[in-house]
Amino acid sequence: SAHFEIREAAGDSDMLIRSSYLGAALAKSLGRHSCVLMRGHGSTVVGTSIEQVVYRAIYAEVNARLQLAANGLGDITFLNEEEARLASDMNDGQIPRSWNLWIKRLGEIDLDAA
């Protein structure tokens, strides 16, 4: 997976992306991936729509937990490049359904009770 180590671009810092230079370094680390892990922060996710970014962010965390659990079972066989592309295409087709469910759930939250 893609990862970003801010020390490689900025040395010791507050670990925030505060300049176009650091933004470019983060983008370079992202490369052609849709998610980059940032030490001390979690992840940055990109996509072609807010719906796609939210979907990817949620499922990146879910999948990371599943992968961590699976590591305890032995060797993992990861998807090859074509399998990953096909799975990504299928996942993109699920975005509207998931998005609509999340919007519905948000509408059910009583914000005054919070």
- Task: With no solvent and one equal point scatterer placed on each C-alpha of the chain, evaluate the Debye formula and give log10 I(q)/I(0) for q = 0.23, 0.24 Å⁻¹, two decimals.
- Result: -1.28, -1.32
- Query: Taking Cα centroids, how far is the range 32-64 from the range 75-101 in Å?
  - Reply: 13 Å
- How much net charge surrounds GLY40 when only other residues with a Cβ under 14 Å from its Cβ are counted (Lys, Arg +1; Asp, Glu -1)? -2
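Using the crude model of +1 on Lys and Arg Cβ and -1 on Asp and Glu Cβ, and no other charge, please compute the dipole size for the chain relative to its Cα centre, in debye to 20. Working shown, then result.
Values: 11 positive and 15 negative charges, 31 e Å.
Rounded to the nearest 20 debye, it is 140 debye.
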- Within the range 52-78, find all residues whose amide N lies under 20 Å from a label point positioned 7 Å from the Cα of ILE103 along Cα-to-beta-carbon. 52-59
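Read-outs throughout are calculated quantities, based only on the coordinates presented, and are distinct from any laboratory measurement. What you see is a predicted model, and the numbers here were worked out from it, not measured in a lab. Here Cβ is always computed from backbone atoms with ideal geometry, including for glycine, and neighbour counts include all displayed protein chains.
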